[in-house]
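Computed from the coordinates by the stated procedures, all read-outs in this text should not be read as laboratory data. Computed from a predicted model, the values in this text were never measured in an experiment. All Cβ positions, glycine included, derive from the backbone under ideal geometry; neighbour counts span all protein chains shown.
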Amino acid sequence: MLPFLLAVIASNNKEQNEDFKHSTIPYMDSLYNFALKLTGKKNAANKILKLTYVNAFKFWNFHEPGANCKAWLFNILKYSLKISFKKYSKDSDKTDSQQVEEYYKKIKPLEVNSKFLQRENYNNIQDDQLSEAILSLPENLKTVLILSDIIGFTYDEISDYIDVPVGTICSRLYHARKVLFTKIYNYSAAKG
Amino acid sequence: MEKNTEIRKEFSAAFLDEEIKDENIFEKTKQKIVTDNKFAVDYKIQLLVRNLIKEKIIHQKTPAKVEKKILKLISGDSKTNGPTIPFFSNIFEKPAFSFATALVIVFAIALIIMNTANITETKNFSYEQTGENNMFVQAQNYFNLITQKKLDIQINTSESAEVLKFFQDKEIKYSIIIPEIPNQNISGAFISDENGEKFAHIVYSGKNNEMTYLYQIDESYLYSNQFITLTNDFINYLDDGNCSITVNNNQVTLFKKIGSNICAVISNGNPDTLEKTFCSQ
């Protein structure tokens with residue numbers, strides 16, 4: 001192995017550019033899917049993704065080497081939403097579990113027929129129907145559900161993203177799945 | 001009481017997601033799922049919905065156009081924020097002749113590949129390097145000027161950090177590599193100017209009057225084919241990771257691509273040492 005003192009950087013742009021690409025491109029699809037499921041619109045997802053990457057590149061100097069790049073990029077996306085796509089970044093932190101519970105009571109079926117807990121009853125449900133149901137969830141539930149079940153975030157990562165305690169994440173995810181179940185249950189029941 | 005029951009039901013989600021870290025709560029939740037029918041239904045709902053999402057939701061690939069646009073935006077951003085380097089890809093960004101240029105380059109690359117098929121590693125490229133813009137010729141000239149003491153070393157130091165700072169201050173637009181050469185130390189550095197572009201040169205010296213000179217440029221300068229050149233087959237040879245060594249009159253000239261830099265090294269020192277230092281990279 002050569003004793004190369006590699007280093008450095010008269011003008012660092014090319015290196016920085018390559019480092020940025022190498023570190024962030026692997027997460028592009030996850031960011032895109034998050035934006036797509038959050039907005040339900042390809043155009044909006046495209047714009048959010050572009051803005052996220054432009055902002056991330058601008059602030060790349062602030063990203064500490066070794067830090068969780070995925071979480072950092074999602075925070076940049078959140079920041080980009082707050083600044084430029086306000087309608088997709090309603091502050092849902094204020095919504096308490098009581099409100100969620102009330103919402104759930106409004107839409108839940110009177111009685112869950114146990115046969116509808118079987119996986120086979122939902123074979124006909126397709127991506128677009130499920131995506132539409134997710135899209136119709138209240139903002140605070142939707143974000144947690146997408147991050148957990150589509151993007152694959154842990155509760156801790158979601159907690160960092162939304163900036164609420166892990167217990168709240170657990171509660172929101174529980175309710176999000178129940179509300180979503182109600183929607184697909186009603187859909188399946190209607191289909192007979 | 002109702003509140004407590006509600007909280008415990010929420011644990012069915014955390015249980016499913018393996019997010020309960022407290023063993024006691026984990027066991028109690030597990031027990032509850034087995035013994036409490038309402039709780040069991042809740043758990044089944046959580047499981048069903050999570051599985052449906054995982055199975056049915058199709059993960060979309062970022063549209064190629066969007067990805068391309070983002071990469072272009074990033075490159076564009078770097079241009080506005082600081083000094084640029086002539087990336088090879090920039091050639092394609094000039095709409096006036098991008099298609100024609102692309103065709104020419106593809107054709108040229110095809111020719112290079114065909115022409116280099118029979119080249120062996122022992123080929124001596126030095127005879128083909130001619131002209132004042134040729135990097136090989138330039139390196140020879142600079143080395144001669146240094147040995148004849150006709151060239152001013154702009155900074156005299158043995159500290160690599162100082163050399164790097166010097167290059168930074170002089171606005172070199174590419175990353176600089178400063179290798180350590182056994183039994184020699186850095187003695188100084190200077191920059192050259194070609195058409196307004198600055199290039200880095202480092203000089204090493206040893207105790208027994210050995211002297212090694214390193215001239216390095218970002219490879220992208222060679223593609224622009226204007227003020228610094230090497231023959232195409234030589235560039236191709238280096239691009240394949242090969243090392244070119246020519247020994248002549250007790251003077252060794254070595255070319256090697258390290259990272260994205262093309263390095264020209266000329267020395268009156270031991271060729272083996274130089275080869276071990278640079279070519280095993």
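Once the convex hull of all Cα atoms in the stretch A:13-88 is built, its volume per residue stands at 81 Å³.
How shielded is A:47-55 by partner chains, expressed as the average number of their Cβ atoms within 10 Å of its Cβ atoms?
Average per residue, whole number: 3.
Working note: Debye formula, equal point scatterers on the alpha-carbon atoms of the stretch B:2-56, no solvent; log10 I(q)/I(0) at q = 0.18, 0.30 Å⁻¹ is -0.57, -1.23. Based on the Kirkwood approach, the hydrodynamic radius assigned to the stretch B:135-193 is 12.6 Å, with every pair of different Cα atoms included. For the stretch A:135-192, just say rounded, prolate or oblate: build the C-alpha gyration tensor, square-root its eigenvalues into a ≥ b ≥ c, call rounded for a/c under 1.5, and beyond that prolate if a/b exceeds b/c, oblate if not. Because a/c hits 1.5 or more and a/b exceeds b/c, the stretch A:135-192 counts as prolate. For a label point 7 angstrom out from the Cα of B:Asn51 toward its Cβ, which stretches of the stretch A:121-151 have the backbone nitrogen within less than 13 Å? Correct set: A:121-123. For the segment B:178-185, counting C-beta atoms of other chains within 10 Å of every residue's C-beta and taking the mean gives 2.
Our estimate of slack between B:Glu180 and B:Ala161, defined as 0.36 nm per intervening residue step minus the Cα-Cα distance, is 5.6 nm.
Three principal axis extents describe the C-alpha atoms of the stretch B:218-281; from largest down they are 34, 23, 17 Å.
Ranked for footprinting exposure by Cβ neighbours inside 10 Å, fewest first, B:Lys165, B:Lys68 give B:Lys68, B:Lys165.
Report the local net charge at B:Thr277: Lys and Arg +1, Asp and Glu -1, summed over other residues whose C-beta lies under 14 Å from its C-beta.
-2
Take each residue of peptide B:9-19, count the partner chain Cβ atoms within 10 Å of its Cβ, and average: the result is 6. The alpha carbon radius of gyration of the stretch B:121-279, expressed as a multiple of 2.2 N^0.38 Å, is 0.96. Modelled label positions at A:Leu135 and B:Asn249, each set 7 Å beyond Cα in the direction of Cβ, lie 7.7 nm from each other. The fewest-to-most ranking of A:Val164, A:Val179, B:Val49, B:Val247 by surrounding Cβ atoms within 10 Å reads B:Val247, A:Val164, A:Val179, B:Val49.
For the stretch B:2-56, the relative contact order works out to 35 percent when only alpha carbon pairs closer than 8 Å and six or more residues apart are counted. Here the calculated FRET efficiency for B:Lys276 and B:Lys72, from their Cβ-Cβ distance with R0 = 41 Å, stands at 0.45, rounded to the nearest 0.05. Each part reduced to its alpha carbon centroid, the stretch A:46-88 and the stretch A:137-189 end up 22 Å apart. Per-residue extension of 0.36 nm, minus the Cα-Cα distance of B:Leu145 and B:Tyr127, leaves a gain of 4.4 nm for this segment.
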